[in-house]
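The values are calculated or read from the model by the stated rules, or taken from the named source; none is laboratory data. This structure is a prediction, so every number in the text was calculated from the model and none was measured. Don't worry about glycine lacking a Cβ; one is built from the backbone with ideal geometry, like all the others, and counts go over all protein chains shown.
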Amino acid sequence: MKKIKMGFIVLMFVLFFQCRSLQFDQNPPFKITSAVHQYWVGGQPGIKGVNIIIGYSSKKKIEFDSIFFDKRVANLQSKNSETETETLVVGYFIVNERKEMILDENPVKEFQNPIPIIKKFPFQLKEDEAVISYKIQGKIKYFKIVSVKKEKELNFPSLPK
């Protein structure tokens, strides 16, 4: 009984610190001015993705790292803005659905197919939510954006054959 009690205490301790490490920053050193996402379909079959554009204002220089959206993670890149009061960061998610798979009535031949890598997503997010990570004084912090607006899907023309 004592071992079960001790195991439970250790488990609670680990869960407490794991949850604590992914808490969202309530007072970030920037203000989100706009947040939009736009799905796109490429010119080749199976190529598609989504771009997320985040506008923010800040008196400090912010080192943005990643964005978490739609159970995917992408690096954030700074872009020039048309206004002087807003700075943009963009996350590009590219999904390549064209994977060569061996399908055969002999299951032994299918063993050569790559094993899918399933990564645990660290956040529970709604469809219009995203999390951005940024660094301040060497520490990674997280901020949750609760209203990422959806723009019309882009369809790129197919390449001529």
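Return a yes/no flag: does the stretch 119-131 have any residue that is in contact with a Pro (Cβ under 9 Å, 6 or more places away or on another chain) and under 30 Å from Phe143 (Cβ atoms).
yes
Take the residues in the stretch 128-149 that are under 14 Å from Thr33 (Cβ atoms) and not aliphatic (A, V, I, L, M), then tell me which one is nearest to the chain's Cα centre (by Cα).
Phe143
Any residue in the stretch 79-86 that is surrounded by 12 or more Cβ atoms within 10 Å (Cβ to Cβ) and either touching a Phe, Trp or Tyr at 6+ places or on another chain (Cβ under 8 Å) or at pLDDT below 85 (or both)?
Checked against the condition, which is being surrounded by 12 or more Cβ atoms within 10 Å (Cβ to Cβ) and either touching a Phe, Trp or Tyr at 6+ places or on another chain (Cβ under 8 Å) or at pLDDT below 85 (or both), the stretch 79-86 yields at least one hit.
Let's see how each residue does on (1) modelled with pLDDT under 85; (2) charged (D, E, K, R):
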residue	(1), (2)
Val50	no, no
Val89	no, no
Asn96	yes, no
Lys126	no, yes
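In the list Asp25, Asp70, Asp104, Asp65, which residue meets the criterion of being within 28 Å of Pro157 (Cα to Cα) and among the charged types (D, E, K, R)?
Sole residue among the options that is within 28 Å of Pro157 (Cα to Cα) and among the charged types (D, E, K, R): Asp70.
Find all pairs meeting these conditions: Cβ atoms under 6 angstrom apart; at least six residues apart or on different chains; first residue within the stretch 77-89 and farther than 13 Å from Ile67 by Cβ; second residue at pLDDT below 80 and assigned to a loop (DSSP other than H, G, I, E, B).
Thr87/Ser81
When you go through (1) surrounded by 11 or more Cβ atoms within 10 Å (Cβ to Cβ); (2) basic (Lys, Arg); (3) closer than 30 Å to Pro45 by Cβ; (4) at pLDDT 90 or above one by one for Lys152, which number turns out not to apply?
Result: Lys152 passes all but (1).
For (1) of a type in the set (Phe, Trp, Tyr); (2) in a strand (DSSP E or B); (3) loosely packed, with under 15 Cβ neighbours inside 10 Å, each residue gets a yes or a no:
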{"position": "Val90", "(1), (2), (3)": "no, yes, no"}
{"position": "Phe93", "(1), (2), (3)": "yes, yes, no"}
{"position": "Met101", "(1), (2), (3)": "no, no, yes"}
{"position": "Pro107", "(1), (2), (3)": "no, no, yes"}
{"position": "Lys120", "(1), (2), (3)": "no, no, yes"}
{"position": "Leu125", "(1), (2), (3)": "no, no, no"}
{"position": "Tyr142", "(1), (2), (3)": "yes, yes, no"}
